[in-house]
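The values are calculated or read from the model by the stated rules, or taken from the named source; none is laboratory data. Keep in mind that what you see is a predicted model, and the values were worked out from it rather than measured. Neighbour counts run over all protein chains shown; Cβ positions are idealised from the backbone, glycine included. With ligands, DNA and RNA removed, areas are computed over all heavy atoms of the protein, side chains included. Shrake-Rupley method; radii C 1.70, N 1.55, O 1.52, S 1.80 Å.
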Amino acid sequence: MGVQILCDSRCDLTATERMSSLFQKVPATWTLGERPLTDHKALGAGEILEAVAAGAAIREAYPGARAYREAMGDGEIYIVTASAALCGQYEAASQARRLALGDHPGQPIHVFNTRSFSVGQLLAARRICQLQRSGYSFRQIVERVESEILSTRLFLLAPSPERLLQWGGLTRRQRPRPLYTMNLEGRLVRAGGALTDKGAEKRLAEAVARSDGPGKTCLLAHCGCPERARRVAQLLREQQRFSSILLTEAGAATALLLGPGGLALSF
(Lines give C-alpha, C1' and ligand atoms only; values in the text may rest on other atoms or scores of the structure.)
Protein backbone atom coordinates (compact mmCIF):
# COMPACT_ATOMS: atom_id res chain seq x y z
CA MET A 1 0.00 0.00 0.00
CA GLY A 2 1.37 3.41 -0.98
CA VAL A 3 2.02 6.30 1.39
CA GLN A 4 1.53 10.01 0.71
CA ILE A 5 2.45 13.06 2.74
CA LEU A 6 0.48 15.99 1.32
CA CYS A 7 1.44 19.53 2.32
CA ASP A 8 0.00 22.93 1.55
CA SER A 9 2.14 25.69 0.06
CA ARG A 10 3.01 27.23 3.42
CA CYS A 11 5.16 24.18 4.21
CA ASP A 12 8.81 24.81 3.29
CA LEU A 13 10.42 21.63 2.00
CA THR A 14 14.18 21.09 1.95
CA ALA A 15 15.98 19.56 -1.03
CA THR A 16 15.61 16.13 0.60
CA GLU A 17 11.81 16.30 0.63
CA ARG A 18 11.66 17.89 -2.82
CA MET A 19 13.51 14.89 -4.24
CA SER A 20 11.31 12.35 -2.45
CA SER A 21 8.22 10.86 -4.09
CA LEU A 22 6.69 10.54 -0.63
CA PHE A 23 6.07 14.30 -0.33
CA GLN A 24 3.62 16.20 -2.50
CA LYS A 25 2.38 19.79 -2.42
CA VAL A 26 -1.23 20.71 -3.05
CA PRO A 27 -0.24 23.99 -4.63
CA ALA A 28 -1.32 27.57 -4.21
CA THR A 29 -1.25 29.94 -7.16
CA TRP A 30 -0.23 33.57 -7.31
CA THR A 31 -0.69 36.26 -9.91
CA LEU A 32 2.28 38.61 -10.09
CA GLY A 33 0.97 41.60 -11.99
CA GLU A 34 -0.52 39.74 -14.95
CA ARG A 35 1.72 36.67 -14.72
CA PRO A 36 0.36 33.49 -13.08
CA LEU A 37 2.67 31.39 -10.91
CA THR A 38 1.83 27.95 -9.54
CA ASP A 39 3.67 26.56 -6.54
CA HIS A 40 5.63 23.34 -6.93
CA LYS A 41 8.32 21.46 -5.06
CA ALA A 42 11.24 23.42 -6.50
CA LEU A 43 9.75 26.91 -6.27
CA GLY A 44 11.73 29.09 -3.88
CA ALA A 45 11.48 32.61 -2.58
CA GLY A 46 13.19 34.35 -5.50
CA GLU A 47 10.33 35.20 -7.85
CA ILE A 48 8.00 36.35 -5.08
CA LEU A 49 10.71 38.52 -3.49
CA GLU A 50 11.47 40.11 -6.87
CA ALA A 51 7.77 40.91 -7.30
CA VAL A 52 7.58 42.40 -3.79
CA ALA A 53 10.68 44.53 -4.44
CA ALA A 54 9.20 45.75 -7.72
CA GLY A 55 5.92 46.71 -6.06
CA ALA A 56 3.92 44.33 -8.27
CA ALA A 57 0.31 43.58 -7.40
CA ILE A 58 0.20 40.07 -5.95
CA ARG A 59 -2.98 38.01 -5.69
CA GLU A 60 -3.13 34.66 -3.90
CA ALA A 61 -5.39 31.64 -4.37
CA TYR A 62 -5.17 28.57 -2.15
CA PRO A 63 -6.60 25.16 -3.05
CA GLY A 64 -10.02 23.96 -1.97
CA ALA A 65 -11.29 20.52 -1.04
CA ARG A 66 -11.44 19.33 -4.66
CA ALA A 67 -7.71 19.90 -5.16
CA TYR A 68 -6.87 17.87 -2.05
CA ARG A 69 -9.25 15.11 -3.09
CA GLU A 70 -7.73 14.90 -6.55
CA ALA A 71 -4.24 14.63 -5.05
CA MET A 72 -5.16 11.62 -2.91
CA GLY A 73 -4.19 8.10 -3.87
CA ASP A 74 -5.58 4.89 -2.41
CA GLY A 75 -3.01 4.21 0.33
CA GLU A 76 -2.08 5.80 3.64
CA ILE A 77 -2.45 9.57 3.45
CA TYR A 78 -1.11 12.15 5.89
CA ILE A 79 -2.04 15.79 5.20
CA VAL A 80 0.05 18.47 6.92
CA THR A 81 -1.62 21.89 6.96
CA ALA A 82 -0.78 25.33 8.30
CA SER A 83 -2.53 26.63 11.40
CA ALA A 84 -6.30 26.22 11.21
CA ALA A 85 -6.64 29.41 13.28
CA LEU A 86 -5.11 31.47 10.48
CA CYS A 87 -6.00 29.90 7.14
CA GLY A 88 -8.55 27.59 5.55
CA GLN A 89 -6.29 24.76 4.41
CA TYR A 90 -7.06 22.51 7.38
CA GLU A 91 -10.79 22.76 6.70
CA ALA A 92 -10.33 22.21 2.94
CA ALA A 93 -8.20 19.12 3.58
CA SER A 94 -10.66 17.83 6.20
CA GLN A 95 -13.54 18.20 3.76
CA ALA A 96 -11.52 16.31 1.16
CA ARG A 97 -10.92 13.56 3.71
CA ARG A 98 -14.67 13.22 4.29
CA LEU A 99 -15.24 12.96 0.54
CA ALA A 100 -12.54 10.31 0.21
CA LEU A 101 -13.94 8.24 3.07
CA GLY A 102 -17.36 8.42 1.43
CA ASP A 103 -15.82 6.75 -1.61
CA HIS A 104 -13.49 4.42 0.29
CA PRO A 105 -14.66 3.81 3.88
CA GLY A 106 -11.84 2.85 6.20
CA GLN A 107 -9.01 4.34 4.12
CA PRO A 108 -6.27 5.58 6.49
CA ILE A 109 -6.33 9.37 6.05
CA HIS A 110 -5.43 11.95 8.69
CA VAL A 111 -5.26 15.73 8.54
CA PHE A 112 -2.81 17.45 10.91
CA ASN A 113 -3.46 20.99 12.10
CA THR A 114 0.15 21.87 12.89
CA ARG A 115 -0.79 25.18 14.58
CA SER A 116 2.21 26.46 12.68
CA PHE A 117 3.51 27.00 9.15
CA SER A 118 6.78 26.99 7.16
CA VAL A 119 9.41 24.87 8.91
CA GLY A 120 6.97 24.19 11.75
CA GLN A 121 4.92 22.20 9.26
CA LEU A 122 8.06 20.64 7.87
CA LEU A 123 9.01 19.22 11.27
CA ALA A 124 5.70 17.36 11.40
CA ALA A 125 6.06 16.11 7.81
CA ARG A 126 9.61 14.88 8.43
CA ARG A 127 8.52 13.11 11.61
CA ILE A 128 5.75 11.29 9.75
CA CYS A 129 8.31 10.10 7.21
CA GLN A 130 10.74 8.98 9.90
CA LEU A 131 8.13 7.01 11.83
CA GLN A 132 6.66 5.44 8.71
CA ARG A 133 10.07 4.21 7.57
CA SER A 134 10.72 2.86 11.07
CA GLY A 135 7.71 0.57 10.78
CA TYR A 136 5.18 2.39 12.96
CA SER A 137 1.51 1.79 12.20
CA PHE A 138 -0.78 4.49 10.83
CA ARG A 139 -2.47 4.92 14.21
CA GLN A 140 0.85 5.10 16.07
CA ILE A 141 2.15 7.74 13.68
CA VAL A 142 -0.96 9.87 14.07
CA GLU A 143 -0.87 9.71 17.86
CA ARG A 144 2.83 10.50 18.15
CA VAL A 145 2.88 13.34 15.65
CA GLU A 146 -0.25 14.95 17.11
CA SER A 147 1.41 14.87 20.52
CA GLU A 148 4.70 16.30 19.25
CA ILE A 149 2.93 19.14 17.42
CA LEU A 150 1.88 20.51 20.84
CA SER A 151 5.52 20.98 21.87
CA THR A 152 6.80 22.38 18.55
CA ARG A 153 7.89 26.01 18.64
CA LEU A 154 7.98 28.45 15.72
CA PHE A 155 9.66 31.88 15.69
CA LEU A 156 9.40 34.38 12.84
CA LEU A 157 11.66 37.29 12.02
CA ALA A 158 9.85 39.66 9.64
CA PRO A 159 11.68 42.94 8.92
CA SER A 160 8.59 44.25 7.10
CA PRO A 161 5.72 42.48 8.86
CA GLU A 162 2.74 44.12 7.12
CA ARG A 163 1.59 41.00 5.24
CA LEU A 164 2.33 38.76 8.21
CA LEU A 165 0.25 40.95 10.51
CA GLN A 166 -2.61 40.99 8.02
CA TRP A 167 -2.50 37.19 7.71
CA GLY A 168 -2.27 36.80 11.49
CA GLY A 169 -5.21 39.10 12.14
CA LEU A 170 -3.28 41.43 14.44
CA THR A 171 -4.29 45.04 14.93
CA ARG A 172 -1.98 48.01 14.68
CA ARG A 173 -2.66 49.32 18.18
CA GLN A 174 1.00 48.65 18.92
CA ARG A 175 3.95 49.47 16.74
CA PRO A 176 4.84 46.51 14.49
CA ARG A 177 7.94 44.64 15.60
CA PRO A 178 10.03 42.16 13.62
CA LEU A 179 9.88 39.16 15.99
CA TYR A 180 6.82 36.92 16.40
CA THR A 181 5.94 33.43 17.52
CA MET A 182 2.92 31.10 17.35
CA ASN A 183 1.02 30.24 20.53
CA LEU A 184 -0.48 26.85 21.40
CA GLU A 185 -3.67 27.76 19.55
CA GLY A 186 -1.70 28.46 16.40
CA ARG A 187 -2.16 32.22 16.54
CA LEU A 188 0.46 34.86 15.87
CA VAL A 189 1.78 36.79 18.89
CA ARG A 190 4.64 39.21 19.44
CA ALA A 191 7.82 37.74 20.87
CA GLY A 192 9.59 41.01 21.63
CA GLY A 193 11.29 43.28 19.15
CA ALA A 194 14.31 45.28 18.16
CA LEU A 195 14.86 48.21 15.82
CA THR A 196 18.03 47.01 14.10
CA ASP A 197 18.74 43.91 12.05
CA LYS A 198 21.50 42.69 14.35
CA GLY A 199 19.34 43.44 17.36
CA ALA A 200 16.53 41.35 15.88
CA GLU A 201 18.87 38.43 15.30
CA LYS A 202 20.11 38.61 18.89
CA ARG A 203 16.55 38.85 20.23
CA LEU A 204 15.58 35.81 18.16
CA ALA A 205 18.44 33.76 19.62
CA GLU A 206 17.53 34.94 23.14
CA ALA A 207 13.88 33.94 22.64
CA VAL A 208 14.97 30.49 21.47
CA ALA A 209 17.26 30.12 24.50
CA ARG A 210 14.28 30.63 26.81
CA SER A 211 12.35 27.81 25.14
CA ASP A 212 12.37 24.07 25.75
CA GLY A 213 14.45 22.58 22.96
CA PRO A 214 17.67 20.85 24.09
CA GLY A 215 18.52 17.83 21.95
CA LYS A 216 16.03 18.65 19.21
CA THR A 217 16.64 19.35 15.54
CA CYS A 218 16.23 23.02 14.59
CA LEU A 219 15.03 23.97 11.11
CA LEU A 220 15.73 27.47 9.80
CA ALA A 221 14.27 28.85 6.55
CA HIS A 222 15.43 32.13 5.04
CA CYS A 223 13.78 34.51 2.57
CA GLY A 224 16.63 35.33 0.23
CA CYS A 225 19.08 36.03 3.08
CA PRO A 226 21.44 33.04 3.52
CA GLU A 227 24.06 35.14 5.32
CA ARG A 228 21.53 36.21 7.95
CA ALA A 229 20.46 32.60 8.37
CA ARG A 230 24.08 31.54 8.90
CA ARG A 231 24.60 34.29 11.51
CA VAL A 232 21.55 33.17 13.45
CA ALA A 233 22.57 29.52 13.13
CA GLN A 234 25.96 30.40 14.62
CA LEU A 235 24.30 32.15 17.57
CA LEU A 236 22.23 29.02 18.14
CA ARG A 237 25.25 26.72 17.88
CA GLU A 238 26.94 28.74 20.60
CA GLN A 239 24.03 27.85 22.89
CA GLN A 240 24.80 24.12 22.36
CA ARG A 241 21.13 23.26 22.72
CA PHE A 242 20.26 21.52 19.45
CA SER A 243 21.43 18.19 18.11
CA SER A 244 21.52 19.71 14.61
CA ILE A 245 20.58 22.91 12.79
CA LEU A 246 19.37 22.63 9.19
CA LEU A 247 19.14 25.65 6.90
CA THR A 248 16.91 25.89 3.83
CA GLU A 249 15.46 28.50 1.50
CA ALA A 250 11.88 29.48 2.26
CA GLY A 251 9.19 28.82 -0.28
CA ALA A 252 7.16 31.46 -2.08
CA ALA A 253 4.30 31.54 0.46
CA THR A 254 6.61 32.12 3.42
CA ALA A 255 8.59 34.72 1.49
CA LEU A 256 5.41 36.63 0.72
CA LEU A 257 4.41 36.70 4.40
CA LEU A 258 7.82 37.52 5.92
CA GLY A 259 9.31 39.62 3.12
CA PRO A 260 12.98 40.09 2.14
CA GLY A 261 15.33 39.26 5.01
CA GLY A 262 12.72 37.15 6.81
CA LEU A 263 13.48 33.99 8.79
CA ALA A 264 11.32 31.15 10.08
CA LEU A 265 12.79 28.96 12.81
CA SER A 266 11.23 25.88 14.37
CA PHE A 267 12.19 23.04 16.73
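Annotations for the structure displayed:
- Within the range 42-50, one or more residues are touching a Leu at 6+ places or on another chain (Cβ under 6 Å) and modelled with pLDDT under 90.
- Check on L49, free of Cβ contacts under 8 Å to residues at least 60 places away in the same chain and either over 26 Å from E148 (Cβ atoms) or part of a loop (DSSP other than H, G, I, E, B) (or both): no
- Checking each residue in the range 1-18 for being part of a helix (DSSP H, G or I) and surrounded by 12 or more Cβ atoms within 10 Å (Cβ to Cβ) picks out T16, E17, R18.
- Scanning the range 189-205 for residues that are in contact with a Leu (Cβ under 6 Å, 6 or more places away or on another chain) and at pLDDT 90 or above yields R203, L204, A205.
- Looking across the range 219-261 at every residue that is among the polar types (S, T, N, Q) and outside any strand (DSSP E or B), the one that is surrounded by the most Cβ atoms within 10 Å (Cβ to Cβ) is identified as T254.
- Residue list for the range 200-215, restricted to those being under 17 Å from L123 (Cβ atoms) and either open to solvent by 60 Å² or more (accessible area, probe 1.4 Å) or without any contact (Cβ under 8 Å) to a residue 40 or more places away in the chain (or both): D212, P214, G215
- Top-ranked residue of the range 21-59 - restricted to ones that are among the basic types (K, R) and within 22 Å of A71 (Cα to Cα), ranked as most open to solvent (accessible area, probe 1.4 Å): K41
- All positions within the range 60-85 that are open to solvent by 40 Å² or more (accessible area, probe 1.4 Å) and aromatic (F, W, Y): Y62
- Residue in the range 87-102 that is loosely packed, with under 14 Cβ neighbours inside 10 Å, out of contact with any helix residue (DSSP H, G or I) (no Cβ under 7 Å at 6 or more places or on another chain) and either touching a residue at least 40 places away in the same chain (Cβ under 8 Å) or not basic (K, R) (or both) present: yes
- No other residue among F138, F155 is of a type in the set (F, W, Y) and open to solvent by 20 Å² or more (accessible area, probe 1.4 Å) apart from F138.
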